[in-house]
Protein chains: 2
Amino acid sequence: MSDQPLTGAEIELALSDLPGWTHEHDRLQSTWTFDGHLQALAAATGVGLLSERRNHHADLTINYNKLTVSVTTHSAGSKVSAKDTELAQAVSALLD
Amino acid sequence: MSDQPLTGAEIELALSDLPGWTHEHDRLQSTWTFDGHLQALAAATGVGLLSERRNHHADLTINYNKLTVSVTTHSAGSKVSAKDTELAQAVSALLD
């Protein structure tokens, strides 16, 4: 998959198919709320498995029962690339 | 365990027994580096189990193979309390 940064229009188009995700500071980010802390950690591990398979890793933050997933592509100059939109779609398919 | 904020001297004393932990912005924080992403996630889950048992939850951040653990006590005015130093010691006993 290309490491080229997406254009703003390409990102907007991708976001139209990614409910809950935002594009700020050259990252795609979304937060999920679960019933408890261990559920949030289990979800983080699931996202980690998706990341490992792609060798493209989301940053993960867990605050009690909330998991925030944030992606950017360092090899694209720390911009949003198709690697990020594809991973975001896989994460949403797992967690939504 | 008390929810009273610790004094600066009490925190310094506790830190002398917590290698790698820092005290900034009314939080105790430390970062561990692992062999890979899934190992960092497994470590985060271990910290989560320690937190659940105490009903006192650390904030967890995973960036690829790094896990950052950050604790404060909201019921102590978001200051560092004995709940934080005790959890920090348990986390270090698990991960060091």
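The values are calculated or read from the model by the stated rules, or taken from the named source; none is laboratory data. What you see is a predicted model, and the numbers here were worked out from it, not measured in a lab. Note that we place each Cβ from the backbone using ideal geometry, even for glycine, and neighbour counts take in every protein chain shown. Side chains are part of the model used for accessible areas, which takes the heavy atoms of the whole protein and leaves out ligands, DNA and RNA. Shrake-Rupley method; radii C 1.70, N 1.55, O 1.52, S 1.80 Å.
General observations
- A simple count of charges around A:Ala82, restricted to other residues whose Cβ falls under 15 Å of its Cβ and scoring Lys, Arg +1 and Asp, Glu -1, yields -3.
- Simple point charges give the picture: +1 on the Cβ of Lys and Arg, -1 on the Cβ of Asp and Glu, and for the protein assembly as shown a dipole about the Cα centre of about 200 debye.
- Counting charges near A:Ala42 (Lys, Arg +1; Asp, Glu -1) among other residues having Cβ under 15 Å from its Cβ returns a value of -1.
- Surface share of carbon and sulfur [accessible, 1.4 angstrom probe, percent] for segment A:23-95: 47 percent
- Charge context of A:His23, other residues only, Cβ under 14 angstrom, K/R +1, D/E -1: -4
- Per residue, the accessible area of chain B comes to 50 Å² when a 1.4 Å probe rolls over the protein heavy atoms.
- Whole-percent pair-distance distribution, where bins are 5 Å wide, for the alpha carbons of the protein assembly as shown: 1, 8, 16, 18, 17, 13, 10, 8, 5, 2, 1
- Evaluated over segment A:23-95, the Cα radius of gyration and Dmax, each in Å: 11.8, 37
- Between B:Gln89, B:Ser51, B:Trp21, the Cα set farthest toward the positive side of the dipole of chain B (charges on each charged residue's Cβ, about the Cα centre) is that of B:Ser51.
- Partner chain coverage, peptide B:31-42 - average Cβ within 10 angstrom: 3
- Interface area, B with A, accessible, probe 1.4 Å, both sides summed, Å² nearest 100: 1400 Å²
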